[in-house]
Amino acid sequence: MFSGMVVGIIKDNVDPEKMHRVLVEFPVESTDKKLESYWCRMISPMAGKDRGLVILPDIGTEVIMGFAYKSNSPYVLGAVYNGGEDKPEPYKNDDEKNDKRVFWSRNDHMVIFDDTEGKERVDFGAQASERLDVTSGPIHQILDSSKMIITEYCEKDTEWEAKKTISIKCKDFELEASNSITITSGAETQTKAGGSKSVTAGGNHTLNGNQIHLNGGNAASPKEALEFPEHKHPPTK
């Protein structure tokens with residue numbers, strides 16, 4: 001007969017009745033045998049119909065158990081760290097500020113809430129390598145499923161950087177800048193159009209190159225005069 005609180009180890013987490021329960025075993029000091037609990041309900045925030053946080057402890061996890069009235073009414077109150085287990089790597093509480101809140105799964109998926117003054121951020125990671133870092137400030141990303149729109153807003157600069165290739169694929173692509181657009185290539189630059197292509201400038205249009213070739217499949221018909229450097233012929237005799 002047990003009452004109060006005891007320490008146990010998760011033995012099974014596959015509830016035959018699918019009620020989010022676990023089976024716990026705990027040693028008894030007076031014998032080498034280990035006793036098993038009944039299927040235990042988990043204490044969980046906001047538990048209820050179609051809501052709540054569902055995180056079952058892994059087999060082998062050390063937990064604290066409580067009993068209501070008698071030993072056949074067990075509850076798992078929570079899991080505890082022990083001396084043989086490492087805490088999640090990002091969690092370092094070197095002072096009394098306790099700035100980080102960490103959720104870290106066994107395969108290194110993580111969510112970190114960092115309240116460090118002046119460096120506030122939220123980190124999301126898949127196996128601790130693919131990461132999305134959200135820092136405090138006027139940066140917003142809006143995912144609107146009703147309009148099927150993703151909106152990103154930043155009051156200053158936005159930078160995309162890749163060691164290899166950045167690819168964008170879509171049906172129609174529009175690029176607009178209220179001031180200027182600069183495209184720089186370290187080597188060759190190509191633009192292709194499957195149909196017609198037009199280039200319009202409100203002012204001058206300048207082409208610079210060692211050689212400039214204009215090729216037309218049928219004819220080249222510029223509407224405005226093309227200016228070429230003046231070429232002087234030697235006087236005739």
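Each reported figure results from applying straightforward, stated rules to the coordinates on display, with no laboratory input. Since this is a predicted model, take the numbers as computed values, not measurements. Cβ atoms come from the backbone with ideal geometry, glycine included; neighbour counts cover every protein chain shown.
Loop only per DSSP, at most 10 neighbouring Cβ atoms within 10 Å: give me the chymotrypsin sites (Phe, Trp or Tyr not before Pro) in region 145-218, ordered by residue number.
Hits after loop and neighbour filter: Trp160, Phe173.
Exceeding 26 Å between C-alpha atoms, which entries from my cross-link table qualify? They are Lys97/Lys163; Lys100/Lys163; Lys119/Lys169; Lys163/Lys192; Lys163/Lys197; Lys169/Lys192.
Lys97/Lys163; Lys100/Lys163; Lys119/Lys169; Lys163/Lys197
Given H placed on each backbone N at 1.01 Å, which residues far from Leu35 in sequence or on other chains put an amide H within less than 5 Å of it?
Those qualifying (amide H under 5 Å, at least 5 residues apart or on another chain) are Phe26, Val28.
Per-residue HN-Hα couplings for region 109-114, Karplus 6.51 cos²θ - 1.76 cosθ + 1.60 at θ = phi - 60°, whole Hz, x for Gly and Pro?
7, 8, 10, 10, 9, 10
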